[in-house]
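The values are calculated or read from the model by the stated rules, or taken from the named source; none is laboratory data. Owing to the predicted nature of the structure, the values given are computational and were not obtained by experimental measurement. Glycine gets a Cβ as well: all are built from the backbone with ideal geometry, and neighbour counts include every protein chain shown.
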Amino acid sequence: MNFFRRFRDAALVAALLAIPFFFLKANLTDPSRTSWLDRVVLQVSAPIQYAATEAAGGVSAIVEEYVWLVDVKADNEALTHDNARLRQRVRELGHEARENERMRSLLSLRDELPGETMTAAVIGKEVSPHFRVVRVRIDRGERDLLRPGMPVVSSEGLVGQIRRTWGRYSDVLLTVDRTSAIDVVIDRTGARGMLRGTGESDRYLCRIQYLQRTDEVEVGDEIYTSGLGQRFPSNILIGHVTRVMRQDFGLYQEVEVSPAVNFSAVEEVLILTAGSREQAVVEGLRDESLFGDRPR
Amino acid sequence: MRNVALIALGFSLLVMGAAAATFVPFHAVAPNLLLPVVIFLGVTHEVHIVRGAALSFVFGYLFDAFTGSPMGLMTFVLVATFIVSRFAGLRLFLRGPIFQILLTFFVAVLAGGTILALRAIFEKPAPFPAGTVEDHVLTLLIPAATTALVSPLVFAAVRRIESLAVRKREERPATP
């Protein structure tokens, strides 16, 4: 019995040694030189090997992923910080790009406009209860020889005119202000009228008055300054027609105009200091100042 | 239960080695953490020879599957290591960690040499590119040294598992 047990143990151990040996031999031998025994071993061992390798690979992958997760929190925090910093940088660059674009537009506008111009930055905005800008303040004023009535334009179009000046500041009367009146022309047809602001607190809107009922006008037509009255140079974009109200009677038709300038977003403006009626006044004042006190 | 605990230990050692290798590119000096386990089983005569050989077979197979070495290579080497350790008749654990390190180093060099010999015999063309004998000697000696250095820790872990099992057996009330 004891002998049989010993023989069985020895046989088992020999088998445990022989099996991997034949596995190994079959796996390492050049495929062109494999014997029938190698092929049998390979056929038998292939599915087992596949299953074992897959299982080991799966477990290994899970463990490795877990190990990597140890640093994930710190990585995540660092990446979140980087992300926030880069987002901030993108915002700054975007702001700079937009500012740059506005400046370029303003410069090109400066070249297009007749006469002399002066740049100014918007330093304050008064808003209505509906968050519409009703008044704009700029950083140029009396000391810069600005005078009421001088046209104020942005790259988008006409902003309005100087309403009052003091020291280094000025208030701008917007085209949408109820007291604003500008002689305008419809670009497509050449029809003329008087543009007045509606002064509505919840939207930016102007109306063209005294436009002949027979004059052709459509929604989408562009409205420009006519240049008449010498206050504003001609061909400055004011806005687009958004509504036409033509009645069956009366001499005139009424047209609603949406301004081209987004007053909420305007940051830099140009003031036309020469080429307008006010320029003559300013020039006259300058001449007078040579002989006496500077006028106020 | 002991066998499951030992296989779990071997598995954990493999996983630890694989996880550590993802942080430190120390493949060239990586110790074979399963070799001391097999040596322990070989020199501990309380471990039945069939059980020890079977466990060595499982460890070798796990090693092959994990490391991507040719299937059967480490299985054969670990079973052979077990048999050699068993028939060497050494009583390793009576002689302290220095002796454990020295013996493990010696067995690890033998195991490494066996691996190289097996590959040389079966793999065609020969796996030794010309002029790299020194490299192969180094790749044999360095892992053997690192394996030997960590072996006392592995021996302690395996001995703990084995002794726990023995204690449980002794605490079990005798059947009438």
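Being buried (at least 18 other Cβ atoms within 10 Å of the Cβ), under 23 Å from A:E112 (Cβ atoms) and in the same structural domain as A:R243 (by TED's automatic domain parsing): is that true of A:G197 here? Show your work before the answer.
Values: buried (at least 18 other Cβ atoms within 10 Å of the Cβ): yes; under 23 Å from A:E112 (Cβ atoms): no; in the same structural domain as A:R243 (by TED's automatic domain parsing): yes.
No, not satisfied.
Using the structure shown, decide if A:V59 is of a type in the set (V, I, T), closer than 24 Å to B:L13 by Cα and either surrounded by 15 or more Cβ atoms within 10 Å (Cβ to Cβ) or not assigned by TED's automatic domain parsing to the domain that holds A:V153 (or both). Explain how you work it out, then say what you get.
Values: of a type in the set (V, I, T): yes; closer than 24 Å to B:L13 by Cα: yes; either surrounded by 15 or more Cβ atoms within 10 Å (Cβ to Cβ) or not assigned by TED's automatic domain parsing to the domain that holds A:V153 (or both): yes.
Yes; evaluated as a whole, the condition is true for this residue.
Given the criteria more than 10 Å from chain B (Cβ to nearest Cβ), under 21 Å from B:A54 (Cβ atoms) and not β-branched (V, I, T), does A:F3 qualify? So that I can check it myself, show each step before the final result.
Values: more than 10 Å from chain B (Cβ to nearest Cβ): yes; under 21 Å from B:A54 (Cβ atoms): no; not β-branched (V, I, T): yes.
Judged against the criteria, A:F3 is not a match.
In region A:108-130, what residues are loosely packed, with under 13 Cβ neighbours inside 10 Å and within 20 Å of the chain's Cα centre (by Cα)?
Selection gives A:A121 alone.
Looking for whichever is in contact (Cβ under 8 Å) with a residue 40 or more places away in the chain and in contact with a Lys or Arg (Cβ under 7 Å, 6 or more places away or on another chain) here; the options are A:Y204, A:Y210. Which one fits?
Numbers: A:Y210 fails: in contact with a Lys or Arg (Cβ under 7 Å, 6 or more places away or on another chain).
Exactly one of A:Y204, A:Y210 is in contact (Cβ under 8 Å) with a residue 40 or more places away in the chain and in contact with a Lys or Arg (Cβ under 7 Å, 6 or more places away or on another chain), namely A:Y204.
Being exposed (fewer than 13 other Cβ atoms within 10 Å of the Cβ), at pLDDT below 90 and of a type in the set (D, E, K, R) narrows it down to one residue among A:D215, A:D202, A:D187; which is it?
Details: A:D215 fails: exposed (fewer than 13 other Cβ atoms within 10 Å of the Cβ); A:D187 fails: exposed (fewer than 13 other Cβ atoms within 10 Å of the Cβ).
Step by step, each of A:D215, A:D202, A:D187 is checked, and only A:D202 is exposed (fewer than 13 other Cβ atoms within 10 Å of the Cβ), at pLDDT below 90 and of a type in the set (D, E, K, R).
Between residues in region A:90-108 that are in a helix (DSSP H, G or I) and residues that are polar (S, T, N, Q) and surrounded by 10 or more Cβ atoms within 10 Å (Cβ to Cβ), which pairs lie under 7 Å by C-beta distance while being six or more apart or on different chains?
So the pair list comes out as A:R102/A:S155; A:S105/A:S155; A:L106/A:T119; A:L106/A:S155.
Considering (1) surrounded by 14 or more Cβ atoms within 10 Å (Cβ to Cβ); (2) farther than 20 Å from A:P114 by Cα, say which one A:I238 fails and leave the rest.
For A:I238, the failing item is (2).
To keep it simple, each residue is scored yes or no on (1) farther than 19 Å from B:G60 by Cα; (2) within 9 Å of chain B (Cβ to nearest Cβ).
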{"residue": "A:D9", "(1), (2)": "yes, yes"}
{"residue": "A:A26", "(1), (2)": "no, yes"}
{"residue": "A:T34", "(1), (2)": "yes, no"}
{"residue": "A:R39", "(1), (2)": "yes, no"}
{"residue": "A:V44", "(1), (2)": "no, no"}
{"residue": "A:T53", "(1), (2)": "no, yes"}
{"residue": "A:Y66", "(1), (2)": "yes, yes"}
{"residue": "A:A74", "(1), (2)": "yes, no"}
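Quick check on region A:113-130. Is at least one of its residues farther than 22 Å from A:A265 by Cα, of a type in the set (D, E) and not in a strand (DSSP E or B)?
Yes, region A:113-130 contains a residue that is farther than 22 Å from A:A265 by Cα, of a type in the set (D, E) and not in a strand (DSSP E or B).
Being facing chain A (nearest Cβ under 9 Å) and within 16 Å of A:A55 (Cβ to Cβ) is the filter here; which residues of region B:33-66 pass it?
B:G60, B:Y61, B:L62, B:D64, B:A65, B:F66
Determine which member of the set A:A46, A:A84, A:A10, A:A26 is over 30 Å from B:V15 (Cβ atoms), of a type in the set (G, A, S), in a helix (DSSP H, G or I) and more than 37 Å from the chain's Cα centre (by Cα).
On the way: A:A46 fails: over 30 Å from B:V15 (Cβ atoms); A:A84 fails: more than 37 Å from the chain's Cα centre (by Cα); A:A26 fails: over 30 Å from B:V15 (Cβ atoms).
On inspection, the qualifying residue turns out to be A:A10.
Please verify whether region B:83-105 includes one or more residues that are more than 10 Å from chain A (Cβ to nearest Cβ), closer than 16 Å to A:L24 by Cβ, without any contact (Cβ under 8 Å) to a residue 60 or more places away in the chain and under 12 Å from the mean Cα position of the chain (by Cα). Can you show your working first?
Restricting attention to region B:83-105, the residues satisfying the condition of being more than 10 Å from chain A (Cβ to nearest Cβ) are B:84-85, B:87-105.
Now narrow it down to the ones that are closer than 16 Å to A:L24 by Cβ: none.
No, there is no match, as no residue in region B:83-105 is more than 10 Å from chain A (Cβ to nearest Cβ), closer than 16 Å to A:L24 by Cβ, without any contact (Cβ under 8 Å) to a residue 60 or more places away in the chain and under 12 Å from the mean Cα position of the chain (by Cα).
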